[in-house]
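Each reported figure results from applying straightforward, stated rules to the coordinates on display, with no laboratory input. Computed from a predicted structure; not experimentally measured. Reconstructed Cβ throughout: ideal geometry from the backbone, glycine too, with neighbour counts over all protein chains shown.
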Amino acid sequence: KMESEGSEEVKREKAPRKPLAKKTKIIIGVVAALVAILVIIFCILSGNYKPAKVAEDYFLAVANQDADKLYQYLDVEDSGVTSKKVFKEIFKSEDKQELLNYSVTSTTESTDGLSATVTIGYTLKDSSKSLTTTIDLVKDKKKNFLVFDKWNISGKSAMVVEDYKLYVPKGSSLKLEGVEIDKKNSTKNSSDQYDVYSVPKLFKGEYDAIVTLKNGITLEDDLKVNSYSSYLTNLDVSDKTKDGIEKELSKTIPALYQAALENKSFNDIKDAYNYKNADLANLEKAYTSFVKSISSSGLIKFTLTDVDIESTRVTNEGYIKVTAECSYEYVVKSLFSEEETKTSKTERQMSFVFDYSDGNYKLVDMGSMATYFSRF
């Protein structure tokens, strides 16, 4: 019986094994390929998320002025004024230098593994010197794909400023790069002189700024954002506004001199300058003083020949103060004889303050008017 059982066991050992089914072989091959691919992908991703690689990509984006890539590093929400479109507009630079070569020379991680510093050496076209730059990174508590460390560029402050304050005349509206600054992307406070917009984040750079005063006058200029705040009260008045004020001055200046020569009071001329909600207290005071000066100047006739606005600024009340170069001719009584007169030509800077109402520029103050005329 034992011999019989032993022979059966030998027979089983010598029996040929069945080959794997074709379907099984395919499955094994696919699984092996997937494992290999996953290993390769893991190795690639692991390398891409290391501090040196993140710093290298950031360095190249800056060197090549690749606004699309740089925007991804900024970690800002699109509030209109912080959109990619706005970033690409203000990131334009005319002094871009061509990168010839570069290499990551060192990577140093902190002992706690929460920060790192990467040093990159590089050369530029038309430069005989090799240069170096250091890029600081900090580790985010979040992970990439739940596995890989996420490193963020620490020096983003070179491109973004936080809690930036914009001071504008009270009652004004403001646009940067065509985007309205309002309660959606800022908080608004008011002081005695200004409305203050506090914007959580702004890109550093030059913006096209447009301030529309409460009276409808528009100011435009480039606004350079690079620190903590900006006062948008000295922006340029548009050419259209300047032309309109110059046209008004060409009528207003001769009218003021003629009224003073006729010794008219302010009440006599008030209707010509009055308008809805007008505050003419300063104009009345200035005109009254002007009439007194003219009465003792010996002036007989005043003729304005040219007026050219040289500078403008916005007052705290939201008016436009202009300084104009005025050319004129005048006739005065001779100092030595009441019967003799003297005619002269000269020019002088004069200043005026204008409001804007119902499509017209309204004079609300005047200063530096010519009241001395040579009688020699």
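Points worth noting:
- DSSP-loop trypsin sites (Lys or Arg not before Pro) across region 32-113, with at most 16 other Cβ within 10 angstrom: 92, 96
- Dividing the summed helix terms, -39500 (n - 2.57) for each DSSP H run of n ≥ 4, by the number of residues in the chain produces a 222 nm estimate of -9500 deg cm²/dmol to the nearest 500.
- Value in Å of the Kirkwood radius, where the chain supplies the Cα pairs that are averaged: 28.0 Å
- Evaluated at q = 0.09, 0.17, 0.19 Å⁻¹: base-10 log I(q)/I(0), Debye formula over Cα of region 269-376: -0.29, -0.89, -1.04
- Take the Cα of residue 240, step 7 Å toward its Cβ, do the same at residue 360, and the gap between the two points is 2.0 nm.
- Taking each residue as 0.36 nm, the span from residue 247 to residue 336 lengthens on full extension beyond its C-alpha to C-alpha distance by 28.3 nm.
- Pairs of C-alpha atoms in region 96-211 farther apart than 17 Å represent 71 percent of all such pairs.
- Helix 22-48 vs. the chain, principal-axis angle (Cα, 0 to 90°, nearest 10): 40 degrees
- Full extension of the chain between residue 124 and residue 67 yields a length gain of 18.5 nm, computed as 0.36 nm times the residue separation minus the alpha carbon distance.
- Förster radius 30 Å - calculated FRET efficiency between residue 262 and residue 310 (Cβ-Cβ, nearest 0.05): 0.50
- Sites residue 112 and residue 376 - FRET efficiency at Förster radius 56 Å, r taken between beta-carbons, to 0.05: 0.05
- Full extension of the segment from residue 36 to residue 142, taken as 0.36 nm per residue of separation minus the current Cα-Cα distance, would add 35.4 nm.
- Inverting the pair-averaged 1/r between distinct Cα atoms of region 236-317 gives 14.5 Å as its Kirkwood hydrodynamic radius.
- Legend: calculated FRET efficiency, residue 276 to residue 152, from the Cβ-Cβ distance at R0 = 51 Å, rounded to 0.05, equals 0.35.
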